[in-house]
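Only the coordinates and a few stated rules stand behind these numbers; no lab work does. As the structure is a computational prediction, the values presented were derived from the model and not from experiment. Virtual Cβ from ideal backbone geometry, glycine too; neighbours counted across all protein chains shown.
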Amino acid sequence: MRARVIIPAGVALAGAGALAYASVVERNWFTLRQAEVPVLAPGTKPIRVLHISDVHLTPGRKRLRTWLASLDELDPDLVVNTGDSIAHPEAVGPLVDSLGPLLDRPGVFVYGSNDLYAPRVKNPARYLWETSARRYPRTEPDLPWQKLGEAMTNRGWLDANNHRGRIKAGGLDIAVAGVHDPHIKRDRYERVAGPADPAADLRLGILHAPEPRVLDRFAADGYDILFAGHTHGGQLCVPAYGALVTNCAIDRDRVAGLHQHPSADAPAPDGHRAWLHVSAGLGTSPWAPVRFACRPEATMLTLVPRAGH
Ligand SMILES: [Fe+2]
């Protein structure tokens, strides 16, 4: 009888400890990841790209704001923000303050669904079964996404939501195309479709949710490297196993980090294969404020020349 009581109590204690760790410690245990991508033409000088995503900022997240504000010291040539920047109606000002001088560097952004729609209480376990884009039940945005966009475009960042553009960064002429969030079916690839400019020094594709149906099109159009977020790296991971879900149609193996699309072991029908960087992001929904075995992150990618002459 006694064992029956003790075991559930032990399990409950371990669960409470894990929850406390996930919500208090790991959620604020920010890390800067680094990756090198051999994507530039031989002989080109490397450039450094800071990838941030899924900040989900609320004004009270002081530690997150302080960490964000430290990133300018890294001296990136270009900043890529793949969306879900805010999670509160009053978050745009704190986000601008936290990004600080990063906004004066060359930059590009897209929106994620959470830049439009305030988080609502829902069963956090839904994250585990909603594995792909669904019919989104809300159509009237209730977060200041336009103010957020203006805060970035006013400082010179390129709005890549269903839009193509050009950026000069690190001495390179960079062709950029992006889409609004495929997770809520706001992507309109047809507006940016067509071969990426072969005369540019580099071709970037930007989107929030790394839905393969959109990644396919960027890769087929000749984009060299694609940036995405949305997955939170799984957010709650199992040590030595990894993410349980990706919250979209990408495979678990590519839930975060640097990979290729199509993946290295899959055929590339038209011969084009792009690099793909998926950020595990910096934040969480305020209603699921936990991360486990999946630290909040930003990434500094150093783009270097491909091998060859
Ligand atoms: Fe997110």
field: Label-point gap, in nm, between Arg213 and Ser263 - each point 7 angstrom along Cα→Cβ
entry: 2.0
query: Farthest toward the dipole's positive end in the chain, which of His163, Gly222, Leu276, given Cβ charges of +1 (Lys, Arg) and -1 (Asp, Glu) about the Cα centre?
result: Leu276
field: Lys pairs under 25 Å by Cα in the chain, provided they are eight or more residues apart or on distinct chains
entry: 6
field: trypsin sites (Lys or Arg not before Pro) restricted to DSSP loop in segment 138-212 with at most 12 other C-beta within 10 Å
entry: Arg138
query: How large is ³J(HN,Hα) for each residue in segment 76-84, as worked out from phi by the Karplus curve 6.51 cos²θ - 1.76 cosθ + 1.60 (θ = phi - 60°), to whole Hz, x for Gly and Pro?
result: x, 7, 8, 10, 10, 10, 9, x, 6
- request: Run the numbers on segment 224-300 and let me know its relative contact order in percent, using alpha-carbon pairs under 8 Å that are six or more apart.
  value: 40
- prompt: Measuring from centroid to centroid over Cα atoms, what is the spacing of segment 50-126 and segment 166-243 in Å?
  reply: 18
- request: Can you tell me the relative contact order of segment 2-305? Whole percent, Cα pairs under 8 Å, sequence separation 6 or more.
  value: 27
